[in-house]
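Just below is one structure, and these are the notes that go with it.
The values are calculated or read from the model by the stated rules, or taken from the named source; none is laboratory data. What you see is a predicted model, and the numbers here were worked out from it, not measured in a lab. As a convention, Cβ positions derive from the backbone with ideal geometry for all residues, glycine included, and neighbour counts pool all protein chains shown. These area figures cover heavy atoms from the full protein model, side chains too; ligands, DNA and RNA do not enter into them. Shrake-Rupley method; radii C 1.70, N 1.55, O 1.52, S 1.80 Å.
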Amino acid sequence: MNETELHRIDRTVKQWLRTSREFILSKMQQNLSVSEKSSRKDLVTNVDKENEKLIINKIRTFSPDSQILGEEGFGDQIRQTKGWVWVVDPIDGTMNFVKQRDHFAIMIALYIDGQGVLGYIYDVIGNQLFSGGPDIGVFQNDEPLAAPENVSLRDGLVCLSGPMVMHNYRNFQKVAEASSGLRIYGSAGIEMIHLLKGETVAYVSYLKPWDFGAGKILTETLGLAVTTVDGKPLDMLSSDFVMVATVKAQQDILPIIGSNV
Ligand code: 2AM
Ligand code: CA
Ligand code: CA
Ligand code: CA
């Protein structure tokens, strides 16, 4: 794709995101309708659903031939990743949205023939938009973001998902112990933002495609390693234990969790 076209798409998606943010802020003034999905810890609200519909309508008008993968099910049933595939998480960190009215993000990604092209993570309350891709670099509110330093696990903070730590999945408490400290933010998007800014050195969580779609593009563009916990490539259509880390931290973590890569 040529640069003009890429910038046209980029400007358009940023416009959708600004509209979407205003929509969420306006809805936050009203009572939320909250329901449980798979468990009491897995929530969805009317705002998640309405915001997904809003974004998907914009995508369908802009590029009617695309496939859309959306968390709340208003997109398509996708079986293959040929052509344009948009990945949408209308509110990432729904539990934070419900309990804290903060620390959640809107995420959109565009893949073409399985390759990440553009990714967006919008911290709604902080009004910080992280955007970009391999051909244009990564930006925070239109300021270019430098690649984070290649810091080791010992010298950096690590983000793990709550359940992973609580159940000591594959001895992940040892990973936390070997780091400078453990952080749990409860939103994959917010955790990816900390990595992009070089504030943490690794993030490991069980993620679905809409949880990692945008973050994978942005973190890889800045030189971070994105794999499964066994060091294998991610499948865009599957859920997996995902690890995003500096190259050094990745090499530090793999032996601790018994990956023979
Ligand atoms: P969500 O809020 O969009 O569902 C929380 O640790 C992170 O994991 C969030 O990014 C959350 O995204 C995601 N997540 C994925 N599956 C989840 C589940 N079953 N329950 C809670 N959070 C889940
Ligand atoms: Ca959810
Ligand atoms: Ca999510
Ligand atoms: Ca979500």
Taking Cα centroids, how far is the range 3-58 from the range 84-134 in Å? 9 Å
Can you pull the percent of the chain's accessible area that's carbon plus sulfur, 1.4 Å probe, other chains left in place? 46 percent
Rounded to the nearest 0.05, what FRET efficiency do Tyr206 and Ala178 have when you use their Cβ-Cβ distance and R0 = 30 Å? 0.90
Looking only at lysines whose Cα falls under 29 Å of Lys197's and that sit 8 or more positions away or on another chain, we get Lys14, Lys41, Lys99, Lys174, Lys208, Lys216, Lys232, Lys248
If one computes the Cα centroid of the range 201-261 and of the range 146-166, what distance in Å separates the two points? 11 Å
Give me the 1.4 Å probe accessible area per residue for the range 9-160, excluding ligands and nucleic acids, in Å². 47 Å²
Could you please put Leu69, Leu110 in sequence from largest to smallest accessible area, using a 1.4 Å probe? Leu69, Leu110
Could you tell me the extents of the range 172-248's C-alpha atoms along the three principal axes, largest first, rounded to whole Å? 33, 24, 23
Per the Kirkwood definition applied to all pairs of different Cα atoms, how many angstroms is the hydrodynamic radius of the chain? 18.5 Å
Please state the equivalent ellipsoid semi-axes for the range 86-145: what are the square roots of 5 times the Cα gyration tensor eigenvalues, largest first, in whole Å? 23, 15, 5
Could you order Trp84, Trp16 so the one with the most accessible surface comes first? Probe is 1.4 Å. Trp84, Trp16
